[in-house]
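Chemist: Questions regarding the structure given below will be posed in turn.
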């Protein structure tokens, strides 16, 4: 079945966290995107991250279903959704947000509700007069940003008890692989001298020229070098438990784990920054990221993060060393690629190009 799409008129809203999109949706459009998320509240990634469960109040849903039949029914406040970057596209010229289904033509698995699950459930099957909804859509936010949005909105609107929300802020203060990776991604994007300065898309879409990676991509690749179970680590740290020391076997698979357990997040960040400084110095022209060049973009980043993990696991002694760019550069000099080799002829778009680049990096290890 072919991919389907929904086109929505919208506005771009810029705030410190990044940009999001305000659109008008019909009830059937909203429920087709989000009602499946309501039904999965017992197995919701955001709730697991926050350490809570947003229970659906069936009585409240029934009341909403009755309320929307009234002649004065209104929902003036927005429903908040999150959609992955690959399922959405904004067009500045037409001022339209296009939402794409999955490959099977199904929309129901692509949206996650940050706020408004009872309204979504109450509108399922709505068949009355025109009832347009104001919907705010965040694109490509990582889980830490989603948690921050949820906590802020529910504190301001007191839909969740303030005691619970203040607890959520405390949870966010607790260390976790997600939070550490989130913070390092922000450092990479904002620190002067970083090879990725201004190149990371905080909420999925580029807000200025040169942005090449989504923050979620950076976070996911960092977590892979820190933990084999980010959810378990976070739950243990929230409960005040100490993580067990990393074994040699664990360090071979998650080479930054010892530093994470010791709270040495800055050392993790320095290793990542120094490695990519070495990448930038090794291939300065390709690093500029002209059209079709893989190096600083998603597939190149994933291959390079794999290589960083492999190299570090083979060269560390104690498991908490910080290597400078020159040391990383000595490895990268062995990679048999020149600036002019980074073309779409050698590195095809998609996973094929990523695998090819990884082969070159592996050969040099």
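Please treat every number below as a calculation from the coordinates, not as lab data. Given the structure is predicted, the values throughout are model-derived calculations rather than measurements. With ideal geometry, Cβ positions are generated from the backbone for all residues, glycine too; neighbour counts draw on all protein chains shown.
Chemist: Please report the antiparallel percentage of the DSSP beta bridges confined to the chain, to the nearest 5. Please list the in-between numbers first.
Modeler: Values: 24 of 31 bridges.
If I count the DSSP bridges inside the chain, around 75 percent turn out antiparallel.
Chemist: Can you tell me what percent of all Cα-Cα pairs in segment 175-363 are more than 24 Å apart?
Modeler: Percent of Cα pairs beyond 24 Å in segment 175-363: 37.
Chemist: Right, here's the next one. Of 98, 214, 352, which is the most mobile in a GNM of the chain whose springs link Cα atoms less than 10 angstrom apart?
Modeler: Comparing 98, 214, 352 in the GNM, the peak value goes to 352.
Chemist: At 7 Å along the Cα-to-beta-carbon direction for both residue 63 and residue 84, put a label point, then send me their distance in nm to one decimal.
Modeler: 3.6 nm
Chemist: Taking a spot 7 Å from the Cα of residue 315 along the direction of its beta carbon, which residues of segment 336-365 have an amide N less than 17 Å from it?
Modeler: Once the point is set 7 Å along Cα→Cβ of residue 315, 336-337, 360-365 turn out to lie under 17 Å by backbone N, inside segment 336-365.
Chemist: Hey, rough spin-label estimate for residue 334 and residue 93, points 7 angstrom out along Cα→Cβ, what's it come to in nanometres?
Modeler: Each label point lies 7 Å from its Cα, and together they span 4.9 nm.
Chemist: Label points 7 Å out from Cα along the Cβ direction at residue 264 and residue 343: separation in nm?
Modeler: Once both label points are built, they end up 4.4 nm from each other.
Chemist: Can you compute the label reach from residue 228? Point 7 Å from Cα along the Cβ direction, backbone N cut-off under 11 Å, restricted to segment 252-291.
Modeler: Answer for this model: 252-254.
Chemist: Picking from 312, 21, 67, which is most flexible by a Gaussian network model of the chain using Cα springs under 10 Å?
Modeler: Judging by the Gaussian network model, the answer is 67.
Chemist: Please work out the C-alpha center-to-center distance from segment 228-245 to segment 182-199 and express it in whole Å.
Modeler: 26 Å
Chemist: Short version: what are the Cα gyration tensor semi-axes of segment 76-150, square root of 5 times each eigenvalue, largest first, in whole Å? Don't skip to the answer; put the middle values down first.
Modeler: Details: eigenvalues 83, 59, 40 Å².
Rounded to whole Å, the semi-axes are 20, 17, 14.
Chemist: Connecting C-alpha atoms closer than 10 Å in a GNM of the chain, tell me which of 273, 304, 11 has the biggest fluctuation.
Modeler: Of 273, 304, 11, the Gaussian network model singles out 11 as fluctuating most.
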